[in-house]
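What follows is one structure encoded as structure tokens, with my remarks underneath.
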Amino acid sequence: MGRRSIRKFEDKTVPKVVIDKLLEAGVWAPSGMNSQPCHFTVIENREIINKLARRTKELVPKNMPLPESLQAAFKSDKDVVFYGAPLLILISTKKNEDLRTLNLLDCGLAAQNMFLAAYQAGLGSCFIGFAAFLNQDPKALAEVGIPEDHELVAPLIFGYPNETPVSEPREVKLLKWIK
Ligand SMILES: Cc1cc2nc3c(=O)[nH]c(=O)nc-3n(C[C@H](O)[C@H](O)[C@H](O)COP(=O)(O)O)c2cc1C
């Protein structure tokens with residue numbers, strides 16, 4: 001419950017031992033038929049993260065309704081996609097029409113395992129769904145090592161948090177409880 005999405009980071013790199021722990025947490029997530037379909041791409045290079053952020057912004061449809069807070073930011077040069085995070089981990093999976101739903105769920109579960117491991121290690125994290133627009137540019141993904149027969153499912157940022165967001169109370173949307 002203490003984990004919140006973090007969008008402001010300290011200017012501090014994440015040690016390799018910690019990155020290894022995140023990857024290990026991802027690998028140990030459950031997966032349909034234990035297929036373990038998630039592939040991980042680790043990017044610590046700021047230039048490359050910025051390049052992917054710029055490309056993502058170009059790919060977001062011009063008519064996409066964006067929250068007001070993002071509209072101006074999207075037109076600026078600021079990295080409003082990955083928020084200047086020092087670490088980007090892309091979870092991708094091999095395209096497979098029959099197993100797509102299962103594979104997407106598996107990647108989501110791996111992501112959440114990694115978020116919780118990150119939280120335990122004092123790191124902040126955020127799922128960056130916007131970056132899935134990069135699937136429309138397989139060459140940009142290939143440049144960072146993601147093969148063209150993969151779908152990018154879960155773009156995740158990590159870093160030492162420089163904010164402490166609080167969440168509104170949440171409600172359990174319980175439909176029915178049958179005894
Ligand atoms: C599938 C998914 C996609 C998301 N995409 C973005 C995104 O592109 N940019 C962003 O800032 N946050 C993104 N988020 C973070 C959500 O905004 C955040 O999880 C939500 O506001 C709840 O806040 P919490 O994570 O602090 O509980 C995404 C979260 C999920 C699960």
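The values are calculated or read from the model by the stated rules, or taken from the named source; none is laboratory data. All of these numbers come straight from a predicted model, not from anything done at the bench. Ideal geometry is used to build each Cβ from the backbone, glycine not excepted, and the neighbour counts take in all protein chains shown.
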Criterion (more than 17 Å from T41 (Cβ to Cβ), modelled with pLDDT under 95 and in a loop (DSSP other than H, G, I, E, B)) met by exactly one of K176, K78: K78
Residue list for the stretch 45-64, restricted to those being part of a helix (DSSP H, G or I), touching a helix residue (DSSP H, G or I) at 6+ places or on another chain (Cβ under 6 Å) and of a type in the set (A, V, I, L, M, F, W, C): L59
Yes/no for G84 being away from the ligand (no atom under 12 Å from the Cβ), modelled with pLDDT of 95 or more, of a type in the set (G, A, S) and more than 30 Å from P37 (Cβ to Cβ): yes
Number of the condition not met by P67 [criteria: (1) out of contact with any strand residue (DSSP E or B) (no Cβ under 6 Å at 6 or more places or on another chain); (2) buried (at least 19 other Cβ atoms within 10 Å of the Cβ); (3) free of Cβ contacts under 8 Å to residues at least 40 places away in the same chain]: (2)
Residue match in the stretch 71-79 (condition: more than 10 Å from the ligand (Cβ to nearest atom), surrounded by fewer than 18 Cβ atoms within 10 Å (Cβ to Cβ) and touching a residue at least 24 places away in the same chain (Cβ under 8 Å)): no
The stretch 28-64, subset in contact with a strand residue (DSSP E or B) (Cβ under 8 Å, 6 or more places away or on another chain) and within 15 Å of A110 (Cβ to Cβ), residue surrounded by the most Cβ atoms within 10 Å (Cβ to Cβ): C38
Selected residue (only one of G129, G159, G122, G145 is closer than 16 Å to C38 by Cα and not aliphatic (A, V, I, L, M)): G145
Residues satisfying the stated conditions in the stretch 1-21, i.e. assigned to a helix (DSSP H, G or I) and either free of Cβ contacts under 8 Å to residues at least 24 places away in the same chain or near the ligand (Cβ under 9 Å from one of its atoms) (or both): K16, V17, D20
Output for the stretch 98-148, where each listed residue is in a helix (DSSP H, G or I), polar (S, T, N, Q) and either over 21 Å from P86 (Cβ atoms) or within 12 Å of the ligand (Cβ to nearest atom) (or both): T101, N103, Q112, N135, Q136
Residue, farthest from the ligand (Cβ to nearest atom), within the stretch 149-176, restricted to residues that are among the aliphatic types (A, V, I, L, M) and out of contact with any helix residue (DSSP H, G or I) (no Cβ under 7 Å at 6 or more places or on another chain): L175
Residue in the stretch 107-120 that is surrounded by fewer than 18 Cβ atoms within 10 Å (Cβ to Cβ) and aromatic (F, W, Y) present: yes
